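Enquirer: Here it is, the structure, as structure tokens.
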Amino acid sequence: MPTAVFAGLLIISMVLSALITPLVVRLCRSYDLLDMPGERKVHTSGTPRLGGVAIFTAVSVGMTLTTFGVWGELIQLSASQARMIPLIYAGLCGFFFIGFFDDLKSIPALWRLLMQLVVASFVVLQGGAVGLRIGSVFGSYVLPEWLSILVSVLWIVGVVNTFNWIDGLDGLSSGIGLICTLAFMMIAMFRPDLPNAILSLALCLVLAGAIIGFMPWNFHPAKIFIGDGGAFSLGYMLAVISLVGLYKQAALISFVLPVLILVLPIGDTLFAIGRRLLARRPITQADDKHIHHRLLARLSRDYRATMPEAEYGALRDELLRSRAHRNTVLSLYGFAAVFALIAVLVGTRA
């Protein structure tokens, strides 16, 4: 694929996201579509919550351009690879609109999960003909078809929800999503011999551009939240990119790399599930014990001890809250980046 096409997908997606996001902010404020402060929430004022609209729109345009690029032979894909694009997009629409309507009017957790399972099942069942599913694990064990379908559906739904659960601080899920996307993109760039590398790279560029254009509005202090629509879209795209690319390798490492890249959201979700099961509470019952909540509380205590009230006066609490918030997010970025870098180093040499 020519370098200009690479750059075009990234830049167009980024510019669109950057232009659409402030429009969404104004619309949300005009129609009072705000996420208000609450017991588990760390923001102190009403904030627009439909940031996923900008990301979804930018990715939609980017995927459309990718399809045109295939038709115009600017992007060299096989027939089965080209057929993956509309199927992936159909799944993206399904997950985005589940999250979008949940942002507008909260959907009960069980119904939300059932709808996610339906969309993921559609993608995986329809994707069997083009290889859009996990066919083997640990390098050599080929899964029976029923188990391949089950594992693929659970993978998609699981990754989608990890990004929803980690979306607790300004810029956290979008930044982690960008780091994961860049890791998948680097592996696709430096391993063009991998199955579906070009398609994976195109999807990564489109998604990375959408996130980059959105992030300046989402980082602390956030002017808009990504919302469930955005978190679901991020999780779905990353899950599918891993299915398209890394899970198509025959090597053992292909099973490990996606988990390594997504280790922070996956780890946080597994700990949350375990914590709630041990407490005999429903796993869907929200709490403030996630990794980001714990780190924020720890940094807040540490900074409070180093910021005497006599010196900082009335601004102390606001400065403390802002400093702890930013540094919590940056610390988690660093954690995710370390594992993503390890995955890239291993994945480009495997």
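Please treat every number below as a calculation from the coordinates, not as lab data. Here the structure is a predicted model, which means the values were calculated and not measured. Methodologically, a virtual Cβ is constructed for each residue, glycine included, from the backbone with ideal geometry; neighbour enumeration extends over all protein chains shown.
Enquirer: For an R0 of 25 angstrom, estimate the FRET efficiency from the Cβ-Cβ distance between residue 117 and residue 289 and round to the nearest 0.05.
Expert: 0.45
Enquirer: Sorted by mean Cβ packing within 10 Å, highest first, what order do the peptides 226-235, 188-197 take?
Expert: Sorting 226-235, 188-197 by mean packing, highest first, produces 226-235, 188-197.
Enquirer: How would you rank 237, 14, going from fewest to most other Cβ atoms within 10 Å of each one's own Cβ?
Expert: With the sparsest Cβ surroundings first, the list reads 14, 237.
Enquirer: Per the helix-only calculation at 222 nm, which mean residue ellipticity applies to the chain, given -39500 (n - 2.57) for every DSSP H run of n ≥ 4 and division by its residues, nearest 500 deg cm²/dmol?
Expert: It comes out at -24500 deg cm²/dmol, rounded to the nearest 500.
Enquirer: What ranking do 278-287, 71-80 get when scored by the average of other Cβ atoms within 10 Å per residue, highest first?
Expert: Highest to lowest by the protection proxy: 71-80, 278-287.
Enquirer: Given 4 °C and 1.567 mPa s, how large is the Stokes-Einstein diffusion coefficient of the stretch 3-251 in µm²/s, with Rh as the Kirkwood radius over Cα pairs?
Expert: 71 µm²/s
Enquirer: Given R₀ = 35 Å, what would the calculated FRET efficiency be for residue 33 paired with residue 76, taking r from the Cβ atoms and rounding to 0.05?
Expert: Result of the calculation: an efficiency of 0.25.
Enquirer: Would you mind ranking 261, 20 by Cβ crowding within 10 Å, fewest neighbours first?
Expert: Placing the least packed residue first, the sequence is 20, 261.
Enquirer: Which whole-angstrom value gives the distance between the alpha carbon centres of the stretch 201-221 and the stretch 60-86?
Expert: Taking the Cα centre of the stretch 60-86 as reference, the centre of the stretch 201-221 is 21 Å away.
Enquirer: How long is the gain from residue 110 to residue 26 if the chain were fully straight, where each residue apart is worth 0.36 nm and the alpha carbon distance is subtracted?
Expert: Length gained between residue 110 and residue 26: 27.0 nm.
Enquirer: Also, I was wondering about something else. On a full-extension model of 0.36 nm per residue, what is the gain between residue 145 and residue 259, subtracting their alpha-carbon distance, rounded to one decimal in nm?
Expert: Full extension of this stretch gives 38.8 nm more.
Enquirer: Can you tell me how much longer the chain between residue 323 and residue 345 gets when fully stretched, taken as 0.36 nm per residue apart minus their C-alpha distance, in nm with one decimal?
Expert: Here the answer is 4.7 nm.
Enquirer: As a footprinting exposure proxy, order 141, 303 by other Cβ within 10 Å, with the fewest listed first.
Expert: Listed from fewest to most nearby Cβ atoms, that is 141, 303.
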